[in-house]
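Asks: Questions regarding the structure given below will be posed in turn.
The values are calculated or read from the model by the stated rules, or taken from the named source; none is laboratory data. Note that the structure is predicted; figures quoted are calculated from it, not measured. For neighbour counting, all protein chains shown are included, and Cβ atoms are generated from backbone atoms with ideal geometry for every residue, glycine included.
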Amino acid sequence: MPSVGRSIHVMTTALAASVCLAAPAAEAQFGGARGRLYQNAKVITPSGNVREVNMMVAGPSVMQIGPDVAGSPFGPKTDLEGRFVTPGLIDAASSILLQGGFGTSGTAATSRASDAIDVFDDLAIRDAWRNGVTSVFVPAVGQPGIAGKGALVRLTPTATIEDDEAALCIRLDGASASERLAVFAEVREAFRQAKLLRESRDIYEGELEDYEDELKKALEEWEKSQEEDPEGDDGGEDEAGDEDNGDDEPAQRTRSRRGPGAEDNENGDDGEGDDELPEGPEKPERPGPDPAADVLLEAIEGRLPVRILAHSSADITSAIELAEAAGVELTIVGGAESHLLAEELADAEGSVILTPAPDRFSHIDAAARISTLLDHDIDLCVGSGFDSASGGRFVLLQAQWLGADERDSLALVTRDAAGVLGAPTWGRLGQGLNADFVVWSSDPRLGGAQPYQVYVAGELVWESPNAGEGDS
Amino acid sequence: MNGLGVVTSLGAVAVFASSSLGQLRVIQADAVHVGNGTVHAPGWIAIEGDEIVAVGGDMGAMPSDDPEVHWGAITPGLIDANARVERLDAFAEYRVRGGTVLERVMRGVHSPDQVISCSCSGHALCPVIGTHEPLASEGLTCPVCSYPSHVAADAMAPGLISVDTYTEAASEVVPHTRVIDSVNIRGADLDRLVEGGVTTAYLSPDSTAVIGPRGAVLRTAGRTSRRVIERESDVHAAINSAPYFSGPSNNQPNEGSVTNRSRRPTTRMGVAWVFRKAFHDAAEFARGLTPDGADTAPTEAFPVLNEVRDGDVGLRIHSRALNDIESALRLSAEFGMGFTLLEGTEAYGLIPELREAGVPVVFGPIYMRPSGERTAFDLDFFLFTNEVGANKLDTLKTLIDAGIPTALSAQDLRDEDGLARQAMYAIRYGLAPEDALRAVTLTPAEILGLDNEIGSLEAGKRADLVLWNGEPFAATAKPVEVVVGGKTVVDRR
Amino acid sequence: MPGREMTAAIAALALAGAAQAQPTERFVLSGSSILAADGSIQQGRALLIGSDGRIRRVAEQSELDSLRIERVEFEGAVITPGLFDLASFAGLEGDNAEVAYASDLEARAIDGLDPTSASLTDLLEGGVTGAMIIPAPVNPISGLSATINTSTGNAWVDQGAVIFSVAPIALDTLFGPTSRTGALELIRRSLGEAEDGMLAEVARGDRPAVIYAESSDGALAGYSALLTYGAEPVIALSNASIDVALELEEELDEVRFIAGPFAPNAAPESLAGPGLMARGGAEVAFRGGSAEGLRLSAAMAVQYGMNPQAARRGITSVAAGIAGVGDVTGSIEPGMRADLVVWSGDPLAMSSQVLAVYVGGQLVYAAPNSTESME
């Protein structure tokens, strides 16, 4: 049995998590003090084994899980009667909740999928629940090109946007060859420009320092010359000095002490490059603000993952090239022909979110695709794609349809998806992790299973209308 | 949303129905308008099952010591004797049922090789038509109307299958078809009617054929399979400009290519000719001859036309302008037929003639600008022909005062322009309130031949009633409860 | 029903032939489980296949172990009847949309069939051994279906159901009917006037009929029109079938329904219909368009509440029944043709692969990597 200290620690985590992430689940915190014990669950582990365990859920998180977990004899209990339990499924690339589908107008790196998400679309959320899906990644999808930032969304009764800057999404799948080339060139150029911007900022910083040094030097010389000529106008100097009291910026202080002749310029904005003093240095020009480039820089500096929508081998090659050139970590979304580039993807340490592909890729042997990717140890998961009507639906079915075998299919839409998406509390049932889980009518990896109950943040949110009806 | 209200209340009814069946319900109200001119103020009404048991103003005679008290008026359920189903309501229905995900419902599951590209005007009705080309260039279908898939026709107008019109357009003479086949009797438009207090509706086809399909009489609520009161009602003829103005246009054969659009009418004269020839041919057909020549109606039409001539099947003629109403009177007299005049915007000019011919009128709607623009939407350009220049806002009063049996209809108008509001306009322009009530209850029931079942609050009639929040046709009036067949189908309390 | 009589005749012929040849027990086919007639997957059962190509016995594996005949064993496999796709265009090479006449009984699916078509092979290798093929429903009276065997392309029923259609594609703006009003008028008149011939058989309830629609109200209007004339129509509808289920609630046990094909973006109203109907007692089968599409459509219906057993019946025995051959094939029962598919798992699981296909007791397809497992 775990010590008291440990469970307190877990509860703290749970509370912290609920404060940060799950504001709508506030009332669940009251239950959190005691916790509810779910008995006799057949949990399918990520490796495909089935373990009979009990699970203590406190508030929105799992407090303890294991075969010997027992709650207080008077605490609330739910007997799951030996039903199969999995973590809530993850739809790793979904257009669910996107209001009105995706726009056809231009988008930019600064746009966010979260801005287009209707968190109150309970029809869509219920639809996802009945498919066992409790969390999704909603990529930004606009025109081919840099599309914006995707969002990690947890399907609580009113959807919770857990991260509205989860990843930078780029579409390389233009409709025609010329469009694809143009889009790729455009994206690469944008990254190049972003890097140039960073360089020019670095240069500016350096130049600014030099400029200040030079100015200081010039000032010292001027002061020296003033000392040599004590008949200079001291009053002007003092007056200017008072005005700038409290201003630490050396450049300005220096400027204010330039001398009586420069006073006219003092209240003007940034009177740079003062050429009144022939010996004064030229002030470097500050590069203008560029929020779109800043987003790309976040990606380049590894603070923002990059997910690139590409299906054909040509587009995936472009994506790999782009990732190398820009120095970003690579995730391919779509990936109909990703198996053809499995080695290159493995070398680039890329991961893949498979989605249903356009019809022109229908000839591909899906099972071969997935086994090739798995053989190359490429991190893999599955999404429902870019049709908002299919968002959050049939993910397990699609994982199998996209070629995963019975054992892998579940991992692809739970643990592996959480890994690829960088959402550590998703996709697994463990201490301190989200209490998002699905109780199934039968083994979900085999045919004919239906969700029986769906729990999100420890609350029962959906129950099958046909609950209780068994299958063979 | 209006539709949602109805859906919920229908759900509630299912529960309510089983317990209320056969149970006596007594409602006491500020005023009970019987519909025939009598008003009990205050009054009460008792219903049991789907029937009215008793109505009265004598509070002592009330069959219950503890009646429900309603602070407002009770009227019979309104009857629209010339309702038309709004084509664009497809979207309203899907918005209600699909929430924000209306495109799901619209989405066909056709594989690309089943998709037939089409530029039919069904797509032209799509509210997001501007996105069609960009979407199509990416090989995507429109999320609203599924352009370029032909499923669009269905999506644009569930129940109203045809692309431009729900009247069969293969011929100008199609009295053998029936509008009920093209109507979605689960449609949200009926929900909107009942929310406005309309409990019975005569569904008219549109007027794109000279002699169009037969109309139908429907209850606007209740179990859908039991809504239909009359499947094959009157034949709907159009003597106005719609047959050549609306729908796919008629024309002469193009370089020898004859289609079903190579035909009359393309003018007012053509309309009269097609009407006359149809009945003439029907008479020939009855004598065993085979009619032929240009513009001959399909053979199936003749038996129905003969029934019309014999008076076994009713005839309704839709005319707005004075000269069209004259044509209607002339043509019907030529074949010795009676008819019901629909819309009749300029009927005020033919009062003696109409009275002499014994023609009942289903007048309306009352517009500030007759057959003119009602909204800025392009669609109305096709629906309204601007053929009437001189309407009068007191025409309904003129007709009723002249003793012509006249009902009031809102046609395709709903909600704030619906039948109750039409009655309000009529009252504003001089009609007595009780006459206005009669024009939307008992008179239409008489015109439909259903006055022994509905139309007034009398013992033995069907319990169709509307409970208003105050006076029935005041500007602020709205139904707070609508009862159809004894069951509450709208409850706004 | 002529279709049924015809198949009965075929069956009788086959039986007569078999009787002459003294059917013997040819081999035992076993996996880990079979798909039983009720749609459940039963463990530990095996089949005894006779030399007449029929199933002779269905028994516990241990019972058949003692027999000294050839055994074909697939470890861990599920043996099901061959799947059945309905309202399919498989094998209809080229254009199958005959648009010359609005009422076209002369358009017969059997005449458009190319028995060597690759689409039939695709179906067979995907586990679909039978299909009811139809001419494209582009006319109010679109023609006649045929029920074929995908391994040979031979027809069980060459002149099957009359296909009626009230879908928008059945309408024609230039030559009419241009509206559902007109289409239904044509259908009603044709049935009412028919004194003999196929439409008269439909009106007598002697010949099966299918009403194809793309909206729930279209399906209901067509269904009730056909019912009025005495026909017993099967409804083929993919969209919003939940409305049909609700509307026909009280008579569902008399309804036969072809659902699908479903794509992942199908509306919940469409997906929930089959389950609701099956629950009310309707016979629900599926239209897949392809072998994978067939299983996917059924699996999606299960996700939206259809009982898995009903769904499995919907792609096997119920479908064969609607196609007019339910007494010959489509279920694992003694006397039925041994049209069997060996799967790596439940056919409702999309990860399941076809390991082998038997038609009439003959192995007609073995998956490339499955042969080793055969003994």
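Asks: With (1) of a type outside the set (Ser, Thr, Tyr); (2) at pLDDT below 85; (3) within 20 Å of the chain's Cα centre (by Cα) as the list, and B:Phe245 as the residue in question, which single condition is left unmet?
Replies: (3)
Asks: Counting just the residues of segment C:214-223 that are in a helix (DSSP H, G or I) and under 23 Å from the mean Cα position of the chain (by Cα), which one comes out nearest to B:Arg226 (Cα to Cα)?
Replies: Out of the qualifying residues, it is C:Leu220.
One line per residue, one yes/no per condition, for (1) more than 27 Å from the chain's Cα centre (by Cα); (2) basic (Lys, Arg); (3) within 14 Å of another protein chain (Cβ to nearest Cβ):
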residue	(1), (2), (3)
B:Arg276	no, yes, no
B:Asp281	yes, no, no
B:Gly288	yes, no, no
B:Asp292	yes, no, no
B:Leu305	no, no, no
B:Gly311	no, no, no
B:Leu315	no, no, no
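Asks: Just one of (1) away from chain A (no Cβ under 14 Å); (2) touching a residue at least 24 places away in the same chain (Cβ under 8 Å); (3) under 18 Å from the mean Cα position of the chain (by Cα); (4) farther than 30 Å from C:Glu193 by Cβ trips up C:Pro274, so point out which.
Replies: Status for C:Pro274: all satisfied but (1).
Asks: Okay, next question. Does segment B:179-192 hold any residues that are more than 13 Å from B:Val228 (Cα to Cα), buried (at least 24 other Cβ atoms within 10 Å of the Cβ) and at the interface with chain C (Cβ under 8 Å from one of its Cβ atoms), and which are they?
Replies: Scanning segment B:179-192 gives a single hit, B:Ser182.
Asks: Okay, moving on. Among the listed residues A:Val85, A:Val119, which satisfies the condition of being among the aliphatic types (A, V, I, L, M), over 30 Å from A:Asn40 (Cβ atoms), at pLDDT 85 or above and more than 17 Å from the chain's Cα centre (by Cα)?
Replies: It is A:Val119.
Asks: When you look at C:Arg279, is it within 14 Å of chain A (Cβ to nearest Cβ), more than 12 Å from the chain's Cα centre (by Cα) and of a type in the set (Lys, Arg), yes or no?
Replies: It is true that C:Arg279 is within 14 Å of chain A (Cβ to nearest Cβ), more than 12 Å from the chain's Cα centre (by Cα) and of a type in the set (Lys, Arg).
Asks: Take the conditions within 14 Å of another protein chain (Cβ to nearest Cβ), surrounded by fewer than 24 Cβ atoms within 10 Å (Cβ to Cβ) and modelled with pLDDT under 95 and apply them to C:Leu184. Does it pass?
Replies: On the way: within 14 Å of another protein chain (Cβ to nearest Cβ): yes; surrounded by fewer than 24 Cβ atoms within 10 Å (Cβ to Cβ): no; modelled with pLDDT under 95: yes.
Judged against the criteria, C:Leu184 is not a match.
Asks: Return the residue satisfying two criteria in turn: it lies in segment B:259-290 and is part of a loop (DSSP other than H, G, I, E, B) and free of Cβ contacts under 8 Å to residues at least 12 places away in the same chain, and of such residues it is surrounded by the most Cβ atoms within 10 Å (Cβ to Cβ). Spell out how you get there, then give the answer.
Replies: Step one: of segment B:259-290, the residues part of a loop (DSSP other than H, G, I, E, B) are B:259-261, B:263-267, B:287-290.
Add one more test, that the residue is free of Cβ contacts under 8 Å to residues at least 12 places away in the same chain, and what stays is B:259, B:287-290.
Details: B:Thr259: 17, B:Arg287: 6, B:Gly288: 6, B:Leu289: 10, B:Thr290: 9.
The qualifying residue surrounded by the most Cβ atoms within 10 Å (Cβ to Cβ) is B:Thr259.
Asks: Let me ask something else about it. Could you list all residues from segment A:434-446 that are more than 9 Å from chain C (Cβ to nearest Cβ) and either without any contact (Cβ under 8 Å) to a residue 24 or more places away in the chain or surrounded by fewer than 21 Cβ atoms within 10 Å (Cβ to Cβ) (or both)? Break it down into steps so the answer makes sense when it comes.
Replies: Let us first name the residues in segment A:434-446 that are more than 9 Å from chain C (Cβ to nearest Cβ), namely A:434-440, A:443-444.
Across segment A:434-446, the qualifying residue is only A:Asp443.
Asks: When the residues of segment B:211-228 are narrowed to those that are among the aliphatic types (A, V, I, L, M) and either farther than 20 Å from B:Thr177 by Cα or within 14 Å of the chain's Cα centre (by Cα) (or both), which ends up farthest from the other protein chains (Cβ to nearest Cβ)?
Replies: It comes out as B:Val217.
Asks: Consider C:Ser331 carefully, then state whether it is within 14 Å of chain A (Cβ to nearest Cβ), under 16 Å from the mean Cα position of the chain (by Cα), crowded, with 22+ Cβ neighbours inside 10 Å and among the hydroxyl-bearing types (Ser, Thr, Tyr).
Replies: no
Asks: Out of all the residues in segment C:282-309, which are more than 11 Å from chain A (Cβ to nearest Cβ) and either in contact (Cβ under 8 Å) with a residue 40 or more places away in the chain or of a type in the set (D, E, K, R) (or both)?
Replies: C:Glu283, C:Ala285, C:Phe286, C:Arg287, C:Gly288, C:Gly289, C:Ala291, C:Leu294
Asks: Quick check on segment B:58-85: of everything there that is crowded, with 21+ Cβ neighbours inside 10 Å and either of a type in the set (Ser, Thr, Tyr) or farther than 23 Å from B:Arg493 by Cβ (or both), which residue is modelled with the lowest pLDDT?
Replies: Within segment B:58-85, the first condition is being crowded, with 21+ Cβ neighbours inside 10 Å, and the residues that meet it are B:70, B:73-85.
Going one step further and asking which of them are either of a type in the set (Ser, Thr, Tyr) or farther than 23 Å from B:Arg493 by Cβ (or both), we end up with B:75, B:79-85.
Working: B:Thr75: 97, B:Ile79: 97, B:Asp80: 95, B:Ala81: 95, B:Asn82: 92, B:Ala83: 89, B:Arg84: 79, B:Val85: 66.
Among those residues, the one meeting the criterion is B:Val85.
Asks: If you take the residues in segment A:108-150 that are within 14 Å of chain B (Cβ to nearest Cβ) and assigned to a helix (DSSP H, G or I), which one is farthest from A:Leu89 (Cα to Cα)?
Replies: Going through the qualifying residues, I end up with A:Ala116.
This table checks each residue for (1) buried (at least 19 other Cβ atoms within 10 Å of the Cβ); (2) within 30 Å of the chain's Cα centre (by Cα); (3) not in a helix (DSSP H, G or I).
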site	(1), (2), (3)
A:Ser178	no, no, no
A:Ala182	no, yes, no
A:Ala194	yes, yes, no
A:Glu199	no, yes, no
A:Lys217	no, no, no
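Asks: From the list C:Val202, C:Val210, pick out the single residue that is at pLDDT 90 or above and part of a strand (DSSP E or B).
Replies: Exactly one of C:Val202, C:Val210 is at pLDDT 90 or above and part of a strand (DSSP E or B), namely C:Val210.
Asks: Can you name the residue in segment A:143-176 that is among the polar types (S, T, N, Q) and over 16 Å from the mean Cα position of the chain (by Cα) and, of all such residues, is surrounded by the fewest Cβ atoms within 10 Å (Cβ to Cβ)?
Replies: In this case the residue turns out to be A:Ser176.
Asks: Restricting the search to segment C:250-262, which residues are touching a Ser or Thr at 6+ places or on another chain (Cβ under 9 Å) and either within 10 Å of chain B (Cβ to nearest Cβ) or closer than 16 Å to B:Arg226 by Cβ (or both)?
Replies: C:Glu250, C:Gly260, C:Pro261, C:Phe262
Asks: For the structure I just gave you, tell me whether C:Leu348 is within 11 Å of chain A (Cβ to nearest Cβ), in contact with a Pro (Cβ under 8 Å, 6 or more places away or on another chain) and over 24 Å from C:Glu250 (Cα atoms).
Replies: Yes: the conditions hold for C:Leu348.
Asks: Go through (1) surrounded by fewer than 21 Cβ atoms within 10 Å (Cβ to Cβ); (2) out of contact with any strand residue (DSSP E or B) (no Cβ under 9 Å at 6 or more places or on another chain); (3) part of a helix (DSSP H, G or I) for A:Gln400 and report which single condition fails.
Replies: (1)
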